[in-house]
1. Quick one: in the range 79-89, which of the residues that are surrounded by fewer than 20 Cβ atoms within 10 Å (Cβ to Cβ) and part of a strand (DSSP E or B) is nearest to the chain's Cα centre (by Cα)?
2. Among the candidates Glu164, Glu91, Glu75, which residue alone is free of Cβ contacts under 8 Å to residues at least 12 places away in the same chain and charged (D, E, K, R)?
3. Test Gly92 against the stated conditions and say whether it is modelled with pLDDT of 95 or more, part of a strand (DSSP E or B), over 27 Å from Thr149 (Cβ atoms) and not aromatic (Phe, Trp, Tyr).
4. Give me a count of the residues in the range 39-59 that are among the acidic types (Asp, Glu), part of a strand (DSSP E or B) and either under 15 Å from the mean Cα position of the chain (by Cα) or within 17 Å of Gly92 (Cβ to Cβ) (or both).
5. I need the full set of residues from the range 101-115 which are surrounded by fewer than 20 Cβ atoms within 10 Å (Cβ to Cβ), free of Cβ contacts under 8 Å to residues at least 60 places away in the same chain and not aromatic (Phe, Trp, Tyr), in order please.
6. Looking at the range 60-78 only, could you name the residues that are more than 20 Å from the chain's Cα centre (by Cα) and of a type in the set (Phe, Trp, Tyr)?
Amino acid sequence: MKSTQIIILVVVLAVIGLAIGFSKGGNSTQTLESETITASNDSVIVVEDSSYDFGEIDIFGGKVTSEYILINTGEQDVVVTSATTSCGCTEGEIGGESFGMHFAMSKGVTIPAGESMPVKAIYDPLAHGPDAVGPVTRMMMLQTNSTATPSIEVRLTANVIKNETNE
């Protein structure tokens, strides 16, 4: 090949590479199960009361729940792409999807633009055994496709006690 042909070939390949790169830029996507999630999104998620204190709870009193409201203040839908909890004693639910420290959501959950959605925390004070009393703080961490709020954290606190009548 002559040097002119090589230069033309390099230029053509560079143009093709740039065209492919630009077509994948801007709105990259992520697949979660069979659902496609657009990653370019600047909607903001606001959490009403991101912390909840149960106060004193009896270790033998059963699971307790708290609810947090996520509000999409933007003009685009936001997808919660994954979520986890800080401890195996805590689970979460959003949009019919359950998640925890040791298990993931099976699909993304969409919070429509301008709307709100609850996320529930379920805490089991007996999960660490009958002697695990004292103050606790647990978190739920949610990841979204929003560039403005890519992650959301809510927390719960409690003081786990042994009620003398339940021993």
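1. Among those residues, the one meeting the criterion is Ser82.
2. The conditions single out Glu164.
3. Answer is no for this residue.
4. So the answer is 1.
5. Met101, His102, Ala104, Thr110, Pro112, Gly114, Glu115
6. Answer for the range 60-78, where residues must be more than 20 Å from the chain's Cα centre (by Cα) and of a type in the set (Phe, Trp, Tyr): just Phe60.
The values are calculated or read from the model by the stated rules, or taken from the named source; none is laboratory data. These numbers come from a predicted model, not from an experiment. Here Cβ is always computed from backbone atoms with ideal geometry, including for glycine, and neighbour counts include all displayed protein chains.
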